[in-house]
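Taking it in order: structure first as structure tokens, then the write-up.
The values are calculated or read from the model by the stated rules, or taken from the named source; none is laboratory data. From a predicted model like this one, the values you see are computed outputs, not experimental measurements. Quick reminder, even Gly has a Cβ in these numbers, built from the backbone with ideal geometry, and neighbours come from all protein chains shown. With ligands, DNA and RNA removed, areas are computed over all heavy atoms of the protein, side chains included. Shrake-Rupley method; radii C 1.70, N 1.55, O 1.52, S 1.80 Å.
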Amino acid sequence: MSRTLALALLLGLAAGSAQAAERIARIAVDGLWCPSCGYIAAQALTSVPSVEILEREQSDDRRSAIFSVRFDDDDTTPEAIAASVAMYGFAGTALEEGY
């Protein structure tokens, strides 16, 4: 393999991996009705590849929460993260992405 071709291949691989980025999103979760619901919702969110919860803001009535999550945008999207709670009967909404 020529040096030029090897260098082009190496630069192409580096450019492809540079496009994936770590992002932060805020996910609202509604329908929390028991003391365990917040924990269950958190487990659902972190079951999505690369998702890590940074912060959880619980509403005063404890029926909803907003989770700040970090994720790799090469692995998932805020919408997919928000949808992960639906199988447990909660409503999830992606509020904002990236900062």
request  = Taking the Cβ of ILE53 as the centre, find all other residues whose Cβ is under 15 Å away and add up their charges (Lys, Arg: +1; Asp, Glu: -1).
outcome  = -1
message = For the range 44-99, which trypsin sites (Lys or Arg not before Pro) pass both filters: DSSP loop (anything but H, G, I, E, B) and at most 15 other C-beta atoms within 10 Å?
response = ARG62, ARG63
ask   = At a probe size of 1.4 Å, how large is the accessible area of ILE53, to the nearest 10 Å²?
value = 50 Å²
